[in-house]
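Asker: The structure that follows is given in the form of C-alpha cells.
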Amino acid sequence: MKKVKLFLELVVFVILGTLLISSGLNTSNLRPVVSPKITNSYSSYTSDYQNVVLAADVKNFLGKSIYETTPFYLEFNLTNANNQEFVIQAKANKGRIYFYGPIVKERVTEETILNENHLLGSVIITPKDSEPLSYVSDEVSLFAGVKNRENLSLLDFLFFPNANAIDKEKEEVLSLVIEFPNDLITNSYQLTTWTEIKKIEL
C-alpha cells in the first residue's frame, strides 16, 4: 500500500509539473509529416533506493486520439555505476502504452530495436483532464496520460527558435511514468539516463 500511495503521489506530481532532471531529443532522418518530440524527461530513485523512477513528456506521440498511434516508440537509456547499459522501451497501441525491458545492451554503441519479448506491463492511456489511471503490480508501477504542458525546457530554446511563442495551455503532451525495482538493473545507486524517440522498423 505504501508503494501504491507513493506512485500515485508521483503521478500527480508529474501531472502538475516536476523539476527537470534530464532531457533527450532524437533527430532521426526518417520523419513523417509530424514526428514526436521529447519535451521533458526525468529520473530519480525512491527514498530507500529500492526503486527507480523514469518519466518523460512527449509531443505528437499519439495520433489525433489516444487510440490512433504513430510508428514510433520511446526509449529510456540507462547506464549504471558499472557502465552496464540498459534500455526500457514504450510503445502505444489502441489506447494503451506497453513497456518493455530492462533490456541489456552488449555494447554502449549497440543500436537497439523494439523488443516485445520483455514485457514489463501495460497501462490504459488516461485522457486529458480525467482521473489518473495507473497500473500497479508487485514489480512495477506504470502511468500514461495526456496533459497540457506546464513549462518550457532548455530543449525548446536550443532547438525551437519560436520557443517563446509556444502556447503551453493548448499544446498537449503524453506523460509516461514507470517505477521498477532497482535490482532489475543490478542495484545501481548511480545512474546516467537519457531518452530517445525511435521509428519502428517494419
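Asker: Taking region 50-88 as the region of interest, how many residues are part of a strand (DSSP E or B), without any contact (Cβ under 8 Å) to a residue 40 or more places away in the chain and closer than 16 Å to GLU172 by Cβ?
Answerer: Qualifying residue count for the region: 1.
Asker: What strands (runs of 3 or more DSSP E), lying completely within region 89-202, carry at least 2 residues that are at pLDDT below 95 and in contact with a Cys (Cβ under 9 Å, 6 or more places away or on another chain)?
Answerer: none
Asker: Of the residues SER65, SER43, only one is among the small types (Gly, Ala, Ser) and either touching a Gly at 6+ places or on another chain (Cβ under 6 Å) or modelled with pLDDT of 90 or more (or both); which?
Answerer: None of the other options fit; the residue is SER43.
Asker: Give me the pairs, please: first residue somewhere in region 182-202 and under 17 Å from ASP57 (Cα atoms) and polar (S, T, N, Q), second residue anywhere and part of a loop (DSSP other than H, G, I, E, B) and at pLDDT below 90, beta-carbon distance under 7 Å, and either six or more positions apart or on two chains.
Answerer: Correct list of pairs: THR195/GLY24.
Asker: Here are ILE88, ILE113, ILE66: which of them is over 13 Å from the mean Cα position of the chain (by Cα) and crowded, with 20+ Cβ neighbours inside 10 Å?
Answerer: Of the residues listed, the single one that is over 13 Å from the mean Cα position of the chain (by Cα) and crowded, with 20+ Cβ neighbours inside 10 Å is ILE66.
Asker: Somewhere in region 24-35, is a residue surrounded by 12 or more Cβ atoms within 10 Å (Cβ to Cβ), farther than 20 Å from LEU133 by Cα and either modelled with pLDDT of 90 or more or touching a helix residue (DSSP H, G or I) at 6+ places or on another chain (Cβ under 9 Å) (or both)?
Answerer: So far as region 24-35 goes, yes, one or more of its residues are surrounded by 12 or more Cβ atoms within 10 Å (Cβ to Cβ), farther than 20 Å from LEU133 by Cα and either modelled with pLDDT of 90 or more or touching a helix residue (DSSP H, G or I) at 6+ places or on another chain (Cβ under 9 Å) (or both).
The values are calculated or read from the model by the stated rules, or taken from the named source; none is laboratory data. If you're wondering where the values come from, they're calculated on a predicted model, not measured in any experiment. Backbone-built Cβ (ideal geometry, glycine too); neighbour counts: all protein chains shown.
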